[in-house]
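J.: Here you go, one structure.
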Amino acid sequence: MADPKILYLSRAEVERANLSMKEIIGLLEKAFLEKGHGNVEMPPKPGIHTMPDAFIHAMPAYIPSMRSAGIKWVSGYPENFKRGLPYISGLMILNDVETGVPYAIMDCAWITAMRTGAASALSAKYLARPDSETVGILACGMQGRTNLEALACLFPIKRVYAYDILPEVQEKFVADMMAWFDFEVISVKEPKQAVVESDLVVTSGPILKHPSPAIEKDWLRPGAYGSAVDFDSYWTAEALAQMDRISTDDHNQFQYYKSVGYFQQTPDPYADLGELVAGLKPGRQDEKERTLAINLGLALDDMAVVPTIYRCAKEQGLGTWLTL
Ligand SMILES: NC(=O)c1ccc[n+]([C@@H]2O[C@H](COP(=O)([O-])OP(=O)(O)OC[C@H]3O[C@@H](n4cnc5c(N)ncnc54)[C@H](O)[C@@H]3O)[C@@H](O)[C@H]2O)c1
């Protein structure tokens, strides 16, 4: 019998497979529809923790209709930037659904960045006003970039307000986004300026168990939507209490995080993204609602995207074949 072969894709090769953000949003929508109907296997993610506020998580999922089964082994280290290393790093493994044999291994950083932005935009499709045209980005790192890219796929964006604690990161973000997109991107000096004028607000700084949140009650205006990529790290209890609707991507994982100390002052979400996509729970009901998505990041998001990356990479002859 021939030895099973595994395709290894580096981060650069994953990117060269060239999936668009629009395709990724579409793949997530299919996967969340399946989740809404209970057709996905996804146990809660176990993790180990070698440093304060850091994690290494195991994230398995199986989406039968997409013939996708596998796991992400991903770390998030908030102090890494001091060593010139990325916050998020790790690997994905894909398994054949009939034999269980692994057939692909690839870097997970680009996928994690893109699918997280895609999940924010997909939530916004159900919870934001379709005519939303201003965006506030609080933290202009990788997630700030991909969240904006994803929102720009679905909304008629005209103006963006950008804030980061590091002025040089903020300036580079502004310059890059102005070069990539048609809309105006404005640097602001305080988090408040990025929130009060915006229809769509993304907070994407470090996830902290004991944060000192900045966003106060009434900063998010009526009719606006927030995406808390960094959990509740940026939002005060009063601002959270003012939301008309809070969604998440998975109720069980939300309760798990709550049990280990996060979200102590966050009201329980009324819907998860699967329920929204499947039409089992209503999205935004009027022009005035303040809505917030707290997507925790699911193995489902990754497994929705990775088989397509594998197929595109294979077609393009990318990667290195290894023997198991
Ligand atoms: N929910 C999810 O699915 C999901 C998935 C991936 C990453 N994340 C989280 O998103 C966050 C950002 O990840 P990333 O890959 O973009 O990291 P990154 O290192 O690329 O960017 C983080 C940025 O935050 C800035 N920053 C730090 N504190 C800030 C503050 N108080 N206000 C404004 N800016 C601040 C930093 O200067 C940096 O530019 C992390 O907390 C990560 O754990 C969430």
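The values are calculated or read from the model by the stated rules, or taken from the named source; none is laboratory data. In this text, all values refer to a predicted model and were calculated from it rather than measured experimentally. All Cβ positions, even for glycine, are placed from backbone atoms using ideal geometry, and neighbour counts span all protein chains on display. What goes into the accessible areas is simple: the full protein's heavy atoms, side chains included, and nothing from ligands, DNA or RNA. Shrake-Rupley method; radii C 1.70, N 1.55, O 1.52, S 1.80 Å.
J.: Could you give the length gained on full extension between ASP53 and GLU171, defined as 0.36 nm per residue of separation minus the Cα-Cα distance, in nm?
T.: Working it through step by step, the gained length comes to 39.8 nm.
J.: So how tilted is helix 21-36 from the main axis of the chain? Cα-based, degrees 0 to 90, rounded to 10.
T.: Value to nearest ten degrees: 90.
J.: Still on this model: Ordering TYR270, TYR62, TYR310 by how much accessible area each has at a 1.4 Å probe, largest first, what is the list?
T.: Largest accessible area first, the residues go TYR62, TYR270, TYR310.
J.: Can you flag which of LYS30/LYS281; LYS158/LYS209; LYS82/LYS189; LYS22/LYS158; LYS22/LYS314 are past 28 Å Cα-Cα? Don't skip to the answer; put the middle values down first.
T.: Values: LYS30/LYS281 17 Å; LYS158/LYS209 34 Å; LYS82/LYS189 23 Å; LYS22/LYS158 19 Å; LYS22/LYS314 21 Å.
From LYS30/LYS281; LYS158/LYS209; LYS82/LYS189; LYS22/LYS158; LYS22/LYS314, over 28 Å: LYS158/LYS209.
J.: Lys/Arg Cβ at +1, Asp/Glu Cβ at -1, dipole of the chain taken about the Cα centre: which of VAL135, TRP73, TRP235 is farthest positive-ward?
T.: Positive-end residue among those listed: TRP73.
J.: I've got another one for you. Given Cβ point charges of +1 (Lys, Arg) and -1 (Asp, Glu) and nothing else, what value in debye, to the nearest 20, does the dipole of the chain about its Cα centre take? The partial results should precede the final answer.
T.: Numbers: 31 positive and 41 negative charges, 61 e Å.
Dipole of the chain, to the nearest 20 debye: 300 debye.
J.: To the nearest 10 Å², what's LEU296's accessible area with a 1.4 Å probe?
T.: That residue has around 20 Å² of solvent-accessible surface.
J.: Quick check: pseudo-label points 7 Å beyond the Cα along Cα→Cβ at TYR270 and ASN18, how many nm apart are they?
T.: In this crude label model, TYR270 to ASN18 measures out at 4.4 nm.
J.: Ratio of alpha-carbon Rg to the 2.2 N^0.38 Å globular estimate for the chain, to two decimals, please. Don't skip to the answer; put the middle values down first.
T.: On the way: Rg = 19.1 Å, N = 324, 2.2 N^0.38 = 19.8 Å.
Dividing the Cα radius of gyration by 2.2 N^0.38 Å gives 0.96.
J.: Carbon and sulfur: what percent of the chain's accessible surface (1.4 Å probe)? Don't jump to the answer; show the numbers that get you there.
T.: On the way: 7780 of 14360 Å².
C and S fraction of accessible area: 54 percent.
J.: For LEU324, what accessible surface area do you get with a 1.4 Å probe? Give it in Å², rounded to 10.
T.: 110 Å²
J.: Ignoring ligands, DNA and RNA, what accessible area per residue does region 186-321 give at 1.4 Å, in Å²?
T.: I get 40 Å² per residue for this part.
J.: With the contact rule set at Cα under 8 Å and sequence spacing of 6 or more, what percent relative contact order holds for the chain?
T.: Value for the chain: 23 percent.
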